[in-house]
1. If you count only protein heavy atoms with a 1.4 Å probe, what accessible area per residue comes out for segment 111-193, rounded to a whole Å²?
2. Quick one: angle between helix 132-143 and the longest Cα principal axis of the chain, in degrees between 0 and 90, rounded to 10, please.
3. Highest mean first, how do 197-208, 167-178 rank when packing is the count of other Cβ atoms within 10 Å averaged over residues?
4. Go through 45-52, 122-129 and give me the packing order, highest mean Cβ count within 10 Å leading.
5. Remind me, relative contact order of the chain in percent, using alpha carbon pairs under 8 angstrom and six or more residues apart?
6. Given H placed 1.01 Å from N in the peptide plane, which residues other than close sequence neighbours of ILE78 have an amide H under 5 Å from its amide H?
7. Label points 7 Å out from Cα along the Cβ direction at LYS182 and LYS116: separation in nm?
8. I need the P(r) histogram for the chain: all alpha carbon pairs, bin width 5 Å from 0 out to the longest distance, whole percents.
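The values are calculated or read from the model by the stated rules, or taken from the named source; none is laboratory data. The shown structure was predicted, so the numbers you read here are calculated from the model rather than taken from an experiment. We place every Cβ from the backbone using ideal geometry, glycine too, and count neighbours over all the protein chains shown. Just so you know, the surface numbers come from the protein's heavy atoms only, side chains and all, with ligands and any DNA or RNA stripped out. Shrake-Rupley method; radii C 1.70, N 1.55, O 1.52, S 1.80 Å.
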Amino acid sequence: MRVDMIMISKLIKLVCIVSVFGVSQAAKGSVPLDSASFDKVINKFKASIVKIDIQYPYGEKEDEFKKFAESMKSSHDILVGEVGVQDYGEYENKDLADRFGVKKEDFPVVKLFLQKDLDHPIDYPSDAEFNADKLKQFVREKSGIRLVLDKCLLEYDDFAVKFITLKDKKDQEKVLKQAQGKLTSLTKDQDKKSADIYIKLMQKVIERGPKFIESEAVRVKNIMGGKLSQAKKDEMQARLNILQSFITKKEPEKTKSEL
């Protein structure tokens, strides 16, 4: 009898939650935002990436956004948020969509907000491929906040940043030796493969100069634009992610001042 009462109590709570929030839930790792909470919540984070969409989104883009949101749950400086716009009844959150010039036919729209500059969000390109890796690259590039991309290694990202800022080849070679020495301590095959890419990129930069990184990134993107098997596409994406670790970022404040 006691068990039945506990179950009934839980069901009543569930009904109450559904009646308030609807059957749709924000993606794991994402925070639902509305007109009342938006400014207060967004300004607490160095950067916030927000998806403005229909109230109950679905489909491939929603699946990719969920993957992205979950991958960002350990990034304390970045908020992942969602604004669900109601197109009937009280038209909830339509004022937010209007505020940022988002039209229903453009859904989903993703915008990156930098702290204390809500009036100048950076749009995720509407013609860009909408997937978790691309969204993460976008946040990393535009916010300047450090993120570890898929198949990247945190310690080797450190090597890459240190390496690419050095001008003297002898100093670069010292970092290369450190990266090579670390390789022997790696136990996972995928980590060894990733580390080998970092090392080979360093060797190419020493041989050809720092412009190699940008030209290689262009080459990889061109390859990815062709017909590839999924395995090859994943391989190229991993290489592109690692290349991003060598590309120096501009300070976000400079970008905002130019707007």
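1. Numbers: 4800 Å² over 83 residues.
That works out to 58 Å² per residue.
2. 80 degrees
3. Ranking the peptides 197-208, 167-178 by packing returns 197-208, 167-178.
4. Top to bottom by mean Cβ count within 10 Å: 45-52, 122-129.
5. Reported as a whole number, the value is 17 percent.
6. For ILE78, no residues qualify.
7. 3.3 nm
8. The calculated distribution, bin by bin, is 1, 5, 11, 14, 15, 14, 11, 9, 7, 5, 3, 2, 1, 1, 0, 0.
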